[in-house]
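Below is one structure, written out as structure tokens, with a few remarks after it.
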Amino acid sequence: MISLLYAHPYSLHAREDQWLLNAVQHWPGLELRDLYQLYPDFYIDVATEQKMLSHSNAIILHYPLQWGLPPALLVQYLHKVFVKGWAFGQNSKGEVSSAVQGLGFWLVAQMVGQGKDPDCCDPHSLFKPMQQLAEACGMHWHSPLILPPLADTTTAAEAAERYRSGLQQLALVSHTERS
């Protein structure tokens, strides 16, 4: 199973993201979780999320990127769910614990707002905290898919194909990595 964690605070107005999600939502073994729909009050059911992630082969974080930052709920999710003793480090019994070790970890980010040009920021530095999280938890980092704003259906179709292609690659590699 691949867990796709979608975090957009205004998903009803995110037409471009809906195009992309529609392109992949019926992928076999993909579980799409809209975090803002599930947790509008920011109170995350940590036990449920940890259980779901521990049964995954890969995790995708799909979110809008504004000023180089992910949405607040996604940051809250990462702080609450990826905790010491579950995602990394030692548990209460002193045993090394990493329920997500070996999972593939992939980011799909759409440029929005003032920083619409992906060339305006160094992608390597933009995603360094996410890469450090993946590495600290023993997950396999996959190069992010950074998408510019989608201007027309041709661009949307190209972006959707890049998404599907990346998902196919992640599925193949992650199945091998986790096994």
Give me the helices (runs of 4 or more DSSP H) completely within region 1-59, filtered to those with at least 3 residues that are open to solvent by 30 Å² or more (accessible area, probe 1.4 Å) and either touching a helix residue (DSSP H, G or I) at 6+ places or on another chain (Cβ under 6 Å) or farther than 17 Å from residue 80 by Cα (or both), ordered by residue number. 15-24
Which residue is nearest to residue 101 (Cα to Cα), if the candidates are limited to region 74-90 and must be of a type in the set (A, V, I, L, M) and out of contact with any Phe, Trp or Tyr (no Cβ under 6 Å at 6 or more places or on another chain)? 87
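The values are calculated or read from the model by the stated rules, or taken from the named source; none is laboratory data. Predicted model only: the values in this text are computed from it and were never measured. Neighbour counts run over all protein chains shown; Cβ positions are idealised from the backbone, glycine included. Ligands, DNA and RNA are stripped out before the accessible areas are found, and what is left, the full protein with its side chains, is counted by its heavy atoms. Shrake-Rupley method; radii C 1.70, N 1.55, O 1.52, S 1.80 Å.
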